[in-house]
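The values are calculated or read from the model by the stated rules, or taken from the named source; none is laboratory data. Computed from a prediction, not measured in an experiment: that's the story for all the values here. A quick note on method: Cβ atoms are made from the backbone with ideal geometry, for glycine too, and the neighbour counts reach across all protein chains shown.
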Amino acid sequence: MHEACGVFGVYAPGEDISRLTYFALFALQHRGQESAGIATTDGRRIDVFARMGIVSQVFNEEALSKLGGKIAIGHNRYATHGSNNIDNVQPIIVGKEPDIVAIAYNGNITNAEPIYHELTDKGYTFKTTTGTEVAANLILSCPEKDMADRIKYAVRRLQGAYSMVIMSRDTLYAVRDPLGVRPLSLGKIGNGNNKYVIASETCALNHIGAKVLREIEPGEIVAINENGIKSYKEASEKKALCIFEYIYFSRPDSIIKNRLLYKTRQAMGAGLAEEYPVDADIVIGVPDSATAAGFGYAARSGIPVAEGLIKNRYMGRTFITPDQRIRELGVKVKFNPLQEILEGKRVVMVDDSIVRGTTTPEVIKLLRKSGAREVHMRICAPPICYPCFLGVDMANRWELIAAQKSIPEIRDFIGADSLGYLSLEGLIKAIDLPKDEFCLACFTGNYPMPVQLTMEKIALEPTCPKKHILLK
């Protein structure tokens, strides 16, 4: 399961903005590993450097030295829609002189198709196959002269989940969709009175020494320039923050709605211990996303916690195709079990979720081959029965194991001695926020907005027979 992207923006005259953006993207690498890019402006021109690969592969000192100015935006991409190729890397520059902007985007626009056709009928051309360009051209199509008014116009028309950073020659804009599906935070950097940063997660602000000020509110547009910071609000009564930001996507050292995610995940593990106790010898959390939950389960149950699996933490996306021998190793490339810890033990293994059910059986086999006597599976999320149409590359419904099998059938399929999913009520209790603030559609099927129930990831590609587009 993958989230869409990570975005970052900085307005900081006198600072090394390209280097700040590089290290912020480094902190947001977990949100996308297919491409990375930075766009900057000195007030006269907009430059962009974006390539395929992870941040450390894309940038070097020479590239960063050519990206100067007072404003920068950055992007890490995971392609939920639009193919994974060089044409679709972000940030992208859209428009014609003197009306030109750079944009980086995280999310999924559910009404991209009709807007795309509307704009092409008006003579707008598209260089990429991403919804990012649809959003940017919609902004530029507004007849208003003030850029904030043009963004307001787009926000009123766009449907879906998105967090965006937009850069003109003199202003940095941050935009969050009215439902607040994706997180976005505001921070302050340096000693000046007018130096601000925007990031998908607070961990990126911490990494560059910025002070976290607050979250960008759902439906809010923030404009930052030499005149300071100004906020505009397109209000919506409904809120729908993606619940998986708490369970999996965001780093455990990030804060959302004043909740440190590490503590929230500990509480999920404690809730699992209350709902599904079992006699066992050790508890292990599947690294890295379920490590905190494993500690929470152990603390509440009184069962000792241990590291039974070591993760190769350098297993980012690679563009080198493995040979057959490496391919057959499967999850062993990602995890290495500690036989001396596992041998003869009754093990509770805590994980964040089971989506298709392809990886979990292989991990359980690893534990059993290493001598685990019993393996009891505990999951921090309720069963995922419905796909996501708001920017998470999850699976089609027929691929979701919980949509096709009962819990006892899933237990038998994955090869566990027992299986327990945290209840929806237990999950909400662990997060300790009102239930109606979240999108829970992947558990309940109740989507916060109308969605198209079938989508093609590469629907804008010339070879794709589909006519519709719903793109990241």
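So, of the residues in the stretch 91-134 that are in a helix (DSSP H, G or I) and free of Cβ contacts under 8 Å to residues at least 12 places away in the same chain, which turns out to be surrounded by the most Cβ atoms within 10 Å (Cβ to Cβ)? By that ranking, first place goes to Glu118. When you check Arg259 against the structure, is it out of contact with any His (no Cβ under 8 Å at 6 or more places or on another chain) and surrounded by fewer than 21 Cβ atoms within 10 Å (Cβ to Cβ), yes or no? It is true that Arg259 is out of contact with any His (no Cβ under 8 Å at 6 or more places or on another chain) and surrounded by fewer than 21 Cβ atoms within 10 Å (Cβ to Cβ). Taking only the stretch 121-152 into account, find how many residues are farther than 19 Å from Arg169 by Cβ, at pLDDT 90 or above and among the small types (Gly, Ala, Ser). Matching residues across the stretch 121-152 total 3. Of all residues in the stretch 135-154, one or more are assigned to a helix (DSSP H, G or I), within 20 Å of the chain's Cα centre (by Cα) and either in contact (Cβ under 8 Å) with a residue 40 or more places away in the chain or under 24 Å from Gly32 (Cα atoms) (or both). One residue is enough: does the stretch 92-106 have a residue meeting the conditions of a type in the set (A, V, I, L, M), within 26 Å of the chain's Cα centre (by Cα) and within 22 Å of His207 (Cα to Cα)? The answer is yes, given that some residue of the stretch 92-106 is of a type in the set (A, V, I, L, M), within 26 Å of the chain's Cα centre (by Cα) and within 22 Å of His207 (Cα to Cα).
Can you tell me how many residues within the stretch 169-194 are part of a loop (DSSP other than H, G, I, E, B) and in contact (Cβ under 8 Å) with a residue 40 or more places away in the chain?
The total comes to 15.
Here's the yes/no breakdown for (1) under 24 Å from the mean Cα position of the chain (by Cα); (2) part of a loop (DSSP other than H, G, I, E, B); (3) free of Cβ contacts under 8 Å to residues at least 40 places away in the same chain:
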| residue | (1), (2), (3) |
| --- | --- |
| Tyr232 | no, no, no |
| Arg265 | yes, no, no |
| Gly269 | yes, no, no |
| Leu272 | no, no, no |
| Ala280 | no, yes, no |
| Asp288 | yes, yes, yes |
| Tyr297 | no, no, no |
| Ile303 | no, yes, no |
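Pairing residues of the stretch 195-222 that are at pLDDT 95 or above with residues that are in a helix (DSSP H, G or I) and hydroxyl-bearing (Ser, Thr, Tyr), at Cβ distances under 8 Å and at least 6 apart in sequence or on separate chains, gives Val212/Thr202. Restricting the first member to the stretch 400-426 and to residues that are modelled with pLDDT of 95 or more, and the second to residues that are basic (Lys, Arg) and surrounded by 20 or more Cβ atoms within 10 Å (Cβ to Cβ), the beta-carbon pairs closer than 9 Å and six or more apart or on different chains are Ser418/Arg378; Leu419/Arg378; Gly420/Arg378; Tyr421/Arg378; Leu422/Arg378.
Condition test on Tyr246, is it touching a Ser or Thr at 6+ places or on another chain (Cβ under 6 Å), aromatic (Phe, Trp, Tyr) and within 30 Å of Ala430 (Cα to Cα)?
yes
Is it true that some residue in the stretch 426-438 is in a loop (DSSP other than H, G, I, E, B), more than 21 Å from the chain's Cα centre (by Cα) and of a type in the set (Asp, Glu)? Yes, the conditions are met somewhere in the stretch 426-438.
Report yes if some residue within the stretch 214-233 is more than 30 Å from Asp42 (Cβ to Cβ) and surrounded by fewer than 17 Cβ atoms within 10 Å (Cβ to Cβ); otherwise report no.
Looking through the stretch 214-233, at least one residue is more than 30 Å from Asp42 (Cβ to Cβ) and surrounded by fewer than 17 Cβ atoms within 10 Å (Cβ to Cβ).
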